[in-house]
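Colleague: Dropping the structure in here first, questions after.
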Amino acid sequence: MNREEYEQKIQNLLYPVTYTKLKKDPTGAKLRNINRLIKISSIDENTMKRIIRPSVSVPGSPTYDIAKYLSSLLQPHLGSTGTYIKDSEDFIKTIQDLILDPTDMLVSFDVESLFTKVPVDESIELVAELFEESTTNLFKACLKGSYFLWNGYYYEQKEGVAIGSLLSPVVANLFMEKFEETALITAPLKPTIWYRYVDDTFVIWRHGRKNLDIFLDHLHKQHPDIQFTVEVEQNYQLAFLDVLVPRQGNRLDHKVYRKATPTNRYLHKLSNHHPSQKQGIIKTLTDRARKICGPQDLTRELQHLEKAFLQNGYSQLDIKRPVGVGRAEKSESTMKAFLPFVPKVTDRIGRFLRKHNIRTTSPQQRSENV
């Protein structure tokens, strides 16, 4: 899109009820507050040295390291419910033994804009049940007052959690576990199956479409800020995450899901990126196909990927090379060299280093969101 259209779309998102324009850069004040809370917390000295950041006068991300640390603290407290889905592979393992009743419907409930709607104060109360006060205060400092710079002005987020923060998905999961526990216990008619990955659910419903609408209304009554969209299976299949789940009699099958109008555009062979990144894309999508597709769909999916990568400038050798090679290189090499990518130069250095059992890779710039 052109610049004017892009800027207008951003401006339309900056609702006063969600974001407040600030008079100055809040980075310094936030950084000093975070460091003060870290110093009076029960965090061990070595960790404290790692996550305390020096004062800076330029826009930065003062909560990045502490958010990463707090996320690691909270993660072990999640996933103990029977509704928790870790990833696509976990989902496939979970549904492979399910037997469907003829009256079952496949349904998906999706929370509308979860991150910007997560009730921060209520989430902090849940955190306080798990950790002592000093640690809870660190969570509070990270979750409240998220801000960003746009078009020369700083904006503070008044509701929800920051979409780019490492802590946001974990806190959203914590809140949703409590939400769904209450919602499912109090529902007059309950789903046969309810599986959830953050804001997206896979549900088997056995009580008819009319009662499904009643159940949706019940979900909406649980919290004024948490609302759902609902999707019912079409043509005996339903998508969840990147998995398409079709019915096979009274069982569920699984294969890779893609939208009805995919562009099949990936990182082009001629793009100025390190070859390992390009090979990594091919290997990642190939591995995904092997993990998600059943035997009857795997060949078709691999043929689709081969065609797509040929359209993106890759040769047959490029497509076949990453499959089955990466693990061998990783196990044989015990040392790694990080090199900036310079066309025709980095590759030559890499070939020389591989002769001495040294793997090369290009460091990625870390995106630090406030």
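The values are calculated or read from the model by the stated rules, or taken from the named source; none is laboratory data. Just so it is clear, the model here is predicted, and its values are computed rather than measured. Here the Cβ is made from the backbone with ideal geometry for all residues, glycine too, and neighbour counts use every protein chain on show. For accessibility, only protein heavy atoms count, side chains too; no ligands or nucleic acids. Shrake-Rupley method; radii C 1.70, N 1.55, O 1.52, S 1.80 Å.
Colleague: Between residue 214 and residue 33, with labels modelled 7 Å along Cα→Cβ, what's the label distance in nm to one decimal, could you check?
Modeller: 4.7 nm
Colleague: Now, a different point. Name the residue, out of 263, 186, 18, whose mean-square fluctuation peaks in a Gaussian network model built on the chain with Cα pairs under 10 Å.
Modeller: The residue with the greatest mean-square fluctuation here is 263.
Colleague: Can you order the peptides 271-282, 70-81 by their average number of other Cβ atoms within 10 Å per residue, highest first?
Modeller: 271-282, 70-81
Colleague: Kindly report the accessible area of region 139-220 per residue (heavy atoms of protein chains, probe 1.4 Å, no ligands, DNA or RNA), in Å².
Modeller: I get 43 Å² per residue for region 139-220.
Colleague: Efficiency by 1/(1 + (r/R0)^6): what FRET value for residue 133 and residue 18, r their Cβ-Cβ distance, R0 = 30 Å, to the nearest 0.05?
Modeller: Once rounded, the FRET efficiency stands at 0.55.
Colleague: Using only alpha carbon positions, build the gyration tensor of region 237-321, then give the equivalent ellipsoid semi-axes as the square roots of 5 times its eigenvalues, largest first, whole angstrom.
Modeller: Square roots of five times the eigenvalues give 27, 13, 10 Å.
Colleague: As an exercise, use a Förster radius of 41 Å and the Cβ-Cβ distance of residue 113 and residue 357 to find the FRET efficiency, rounded to the nearest 0.05.
Modeller: 0.25
Colleague: Shifting gears a bit: Running a GNM on the chain with Cα contacts under 10 Å, which residue among 47, 135, 63 ends up with the highest mean-square fluctuation?
Modeller: 47
Colleague: Please list, by residue number, every one of the GluC sites (Glu not before Pro) in region 123-155 that is coil in DSSP and has at most 11 other beta-carbon atoms within 10 Å.
Modeller: 129, 132
Colleague: Moving on to the next point. Which value at 222 nm does the chain reach when only helices count, each DSSP H run of 4 or more adding -39,500 (n - 2.57), with the total divided by all residues and rounded to the nearest 500 deg cm²/dmol?
Modeller: Per the formula, -13000 deg cm²/dmol.
Colleague: Within region 136-174, list the residues whose amide N lies under 18 Å from a label point set 7 Å along Cα→Cβ of residue 7.
Modeller: It comes to 149-155, nothing else.
Colleague: Let me ask another. How far apart, in nanometres, would the label points at residue 75 and residue 337 be if each is projected 7 angstrom from Cα along the Cα-to-Cβ direction?
Modeller: According to this spin-label approximation, the distance is 3.1 nm.
Colleague: What's the tally of Lys pairs in region 86-211 whose alpha-carbon atoms lie under 25 angstrom apart, where the two lysines are 8 or more places apart or on different chains?
Modeller: Taking the Cα cut-off of 25 Å, the pair count is 17.
Colleague: Another question, then. How many Å³ per residue does the convex hull of the Cα positions in region 42-134 occupy?
Modeller: 190 Å³
Colleague: Sort 197, 69, 15 by heavy-atom solvent-accessible area, probe 1.4 angstrom, most to least.
Modeller: 15, 197, 69
Colleague: Set Lys and Arg Cβ to +1 and Asp and Glu Cβ to -1, take the dipole of the chain about its Cα centre, and tell me which of 361, 126, 198 lies farthest positive.
Modeller: 361
Colleague: Turning to a different aspect of this structure: Which net charge results for the neighbourhood of residue 74, defined as the other residues with beta-carbon distances under 12 angstrom from its beta-carbon, given Lys and Arg at +1 and Asp and Glu at -1?
Modeller: Result for the local shell: -1.
Colleague: On to the next question. For the chain, what are the DSSP H helices with axial Cα length of 20 Å or more and mean Kyte-Doolittle hydropathy of at least 0.5?
Modeller: 168-186
Colleague: Considering only protein heavy atoms and a 1.4 Å probe, what is the carbon-and-sulfur percentage of the accessible area of region 142-272?
Modeller: Using a 1.4 Å probe with all protein chains present, region 142-272 comes out at 51 percent carbon and sulfur.
Colleague: I would also like to ask the following. For the chain, modelled as a GNM with alpha-carbon contacts under 10 angstrom, which of 296, 96, 11 fluctuates the most?
Modeller: With Cα springs under 10 Å in the chain, the top fluctuation among 296, 96, 11 is at 11.
Colleague: Mind checking region 1-50 for trypsin sites (Lys or Arg not before Pro) that DSSP puts in a loop (not H, G, I, E or B) and that have at most 10 other Cβ atoms within 10 Å?
Modeller: 23, 24
Colleague: Moving to a separate point now. Counting other Cβ atoms within 10 Å, keep those with at most 15, restrict to DSSP loop, and tell me which trypsin sites (Lys or Arg not before Pro) in region 91-151 are left.
Modeller: Filter output for region 91-151: 144.
Colleague: Same structure again: Any chance you could list the semi-axes, whole Å, largest first, of the equivalent ellipsoid that the Cα gyration tensor gives for region 179-260, using √(5λ)?
Modeller: Each semi-axis is the square root of five times an eigenvalue, giving 24, 15, 11 Å.
Colleague: Here's a follow-up. Compute for the chain: radius of gyration divided by Kirkwood radius, i.e. Rg/Rh, restricted to C-alpha atoms, rounded to two decimals.
Modeller: On the Cα set of the chain, Rg over Rh gives 0.99.
Colleague: Let me check something: with ligands and nucleic acids excluded, how do 174, 310 order by accessible area (1.4 Å probe), largest to smallest?
Modeller: Greatest to least solvent exposure: 310, 174.
Colleague: Still on this model: Need one number: nm distance between label points at residue 242 and residue 192, each 7 Å from Cα along Cα→Cβ, rounded to one decimal.
Modeller: 2.9 nm
Colleague: Given a 1.4 Å probe and the protein chains all in place, what does the accessible area of residue 6 round to, in Å² to the nearest 10?
Modeller: 120 Å²
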